[in-house]
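Asks: Dropping a structure here in structure tokens format, bear with me for questions.
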Amino acid sequence: MISLQDTLLEIVLTVLVSFVLTALLGKLLIPALRRLKAGQSIKTDGPTWHMSKQGTPTMGGLMFIIAIAVTVLVLGWGYFGSGDRGAVYVFLFALVFGVIGFIDDYMKVVHHQNTGLTAGWKFLLQLAAAILMTVLLRYEGYLSPNLYIPFVQVSIPLPWPLYMVFAAFVMVGTVNAVNITDGVDGLSSSVTVPVALFFLISTAKWGMGELTLFSAALLGGLLGFLLYNHYPAKVFMGDTGSLFLGGAVCGLAFAADMPLVLILVGIVYIAETLSDIIQVAYFKATHGKRIFKMAPLHHHFEMCGWNEKKVVAVFSAVSALACLAALAGVLGRYSV
């Protein structure tokens, strides 16, 4: 029986190791990216003042991906030895999406434009990763086709094929939603900090030590990355980082067998994605009219006069409040 004190020490150590590794890797990676001329190409249809960010190193997500990998492998041996490999599965799932993002980023850097993989290829690769992850988690006993509903503490059994379709849709949607959120210095990483903290607390309460380990490593990695990604950003995470983060978030939700919690903890990601969908649909339906000044949502508020720091602060606060609500909804899961 692991004591509360030992659990807290393990969590603190994991966060610190991941944070320090990410910070140190940033010192090495950012100059290397500059030498390789791995600069971000800024979309011309975005806010005009974002053009000053042209050439800022991208693919910076590599620093927290590597740090999380090292942290999980070094500090997780005790769990792996006892057969608890959830942290590895979630990391590998996130890594697959990170690799897809890396290919996309690399193509953009090589061609010096803001287009990489086609939408079709991205979707097929992401769908394949989602299906494989769902099957693996089911086989290893982390996942059931019983859909847990927070707050009411009940689970609705679904036919396995239906659950597979649901899981693939949610996974691909979540990953791309996090990717869309990554449009302002420090936004995606800051919004995801409370999400990582939510999974850390909930999995620790339920004794899912290996998932707590991954959540703590994710939290430390994000905090370390923010040293370089806060406004004005010295580096962007790129699709490499944002797709990895999306995979990590939905991987944790499914590994903890509570995917519906993504509705709350991912409220900012959802709002960003919906604003994009609504804007495009309304534009086409009205032949040129717009609901938002610019989509996705963070650009709308920028066009309303908010600076990037305010956007990040408000969106992060919304994420934190939603995560607190989600925590209230799930903490009674195994005590009723």
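Asks: Tell me the per residue accessible area of the stretch 263-336 using a 1.4 Å probe; a whole number in Å² is fine.
Replies: Per-residue value: 54 Å².
Asks: Oh, and also: Provide the gained length on full extension for the span His111 to Phe123, in nm with one decimal, where the gain is 0.36 nm per separating residue minus the Cα-Cα distance.
Replies: Full extension from His111 to Phe123 adds 2.2 nm.
Asks: Shifting gears a bit: Estimate the FRET efficiency between Phe80 and Lys205 by the formula 1/(1 + (r/R0)^6), using the beta-carbon distance for r and 22 Å for R0, to the nearest 0.05.
Replies: 0.50
Asks: Multiplying the sequence separation of Arg34 and Gln54 by 0.36 nm and subtracting their Cα-Cα distance, what value in nm do you get?
Replies: 6.0 nm
Asks: Now a separate question. When only C-alpha pairs under 8 Å and at least 6 residues apart count, what is the relative contact order of the chain, in percent?
Replies: Relative contact order comes out at 27 percent.
Asks: Under a crude label model (7 Å from the Cα following the beta-carbon direction), how far is Leu24 from Leu227 in nanometres?
Replies: Inter-label distance under the simple model: 1.1 nm.
Asks: Another question about this same structure. Summarise the accessible area of the chain (1.4 Å probe, protein heavy atoms) by the percent that is carbon and sulfur.
Replies: Ligands and nucleic acids excluded, carbon and sulfur reach 71 percent.
Asks: Using Cα-Cα distances under 8 Å and only pairs 6 or more residues apart, what relative contact order does the stretch 177-336 have, in percent?
Replies: 34 percent
Asks: Also: If the cut-off is a Cα-Cα distance under 15 Å, which aspartates and glutamates reach Lys293, setting aside same-chain residues fewer than 8 apart in sequence?
Replies: Asp45, Glu272, Asp276, Glu302
Asks: Let me ask something else. Under 13 Å Cα-Cα from Lys234, which aspartates and glutamates qualify once same-chain neighbours fewer than 8 residues away are excluded?
Replies: Once the sequence-local aspartates and glutamates are set aside, what remains near Lys234 is Asp185.
Asks: Quick one: helix 209-229 against the long Cα principal axis of the chain, what's the angle to the nearest 10°, folded into 0 to 90?
Replies: Helix 209-229 and the main axis of the chain meet at about 20 degrees.
Asks: If you keep only loop residues by DSSP, which chymotrypsin sites (Phe, Trp or Tyr not before Pro) in the stretch 162-265 have at most 13 other Cβ atoms within 10 Å of their Cβ?
Replies: Within the stretch 162-265, no chymotrypsin sites (Phe, Trp or Tyr not before Pro) qualify (loop, at most 13 other Cβ atoms within 10 Å).
Asks: Which length gain, in nm to one decimal place, applies between Ile263 and Ile149 when the Cα-Cα distance is subtracted from 0.36 nm times their residue separation?
Replies: 39.9 nm
Asks: Farthest toward the dipole's positive end in the stretch 229-336, which of Ala255, Pro296, Leu331, given Cβ charges of +1 (Lys, Arg) and -1 (Asp, Glu) about the Cα centre?
Replies: Pro296
Asks: Hey, another quick one. Under a Cβ-Cβ cut-off of 15 Å, what is the net charge of the residues other than Phe97 that fall near it, where Lys and Arg count +1 and Asp and Glu count -1?
Replies: -3
Asks: Checking a compactness column here: for the chain, what do you get for Rg(Cα) / (2.2 N^0.38 Å), N being the number of residues?
Replies: Ratio of Rg to 2.2 N^0.38 Å for the chain: 0.97.
Asks: Sticking with this structure for a sec: Using the heavy atoms of the protein chains and a 1.4 angstrom probe, tell me the accessible area per residue for the stretch 82-158 in square angstrom.
Replies: Ligands and nucleic acids excluded, the result is 52 Å² per residue.
Asks: Whole angstrom only: what separates the Cα centroid of the stretch 223-295 from the Cα centroid of the stretch 61-121?
Replies: 18 Å
Asks: Here's something else I'd like to know. With labels modelled as points extended 7 Å from the Cα through the Cβ direction, what inter-label distance (nm, one decimal) is found for Lys289 paired with Ile131?
Replies: Placing both labels 7 Å beyond Cα along the Cβ direction yields 4.2 nm.
Asks: Are any of the pairs Lys53/Lys310; Lys284/Lys310; Lys27/Lys53 more than 23 Å apart by Cα-Cα distance, and if so, which?
Replies: Pairs exceeding 23 Å: Lys284/Lys310.
Asks: With a cut-off of 8 Å between alpha carbons and a minimum separation of six or more residues, what is the relative contact order of the stretch 104-199 in percent?
Replies: About 18 percent, as a whole number.
The values are calculated or read from the model by the stated rules, or taken from the named source; none is laboratory data. Since this is a predicted model, take the numbers as computed values, not measurements. Virtual Cβ from ideal backbone geometry, glycine too; neighbours counted across all protein chains shown. These area figures cover heavy atoms from the full protein model, side chains too; ligands, DNA and RNA do not enter into them. Shrake-Rupley method; radii C 1.70, N 1.55, O 1.52, S 1.80 Å.
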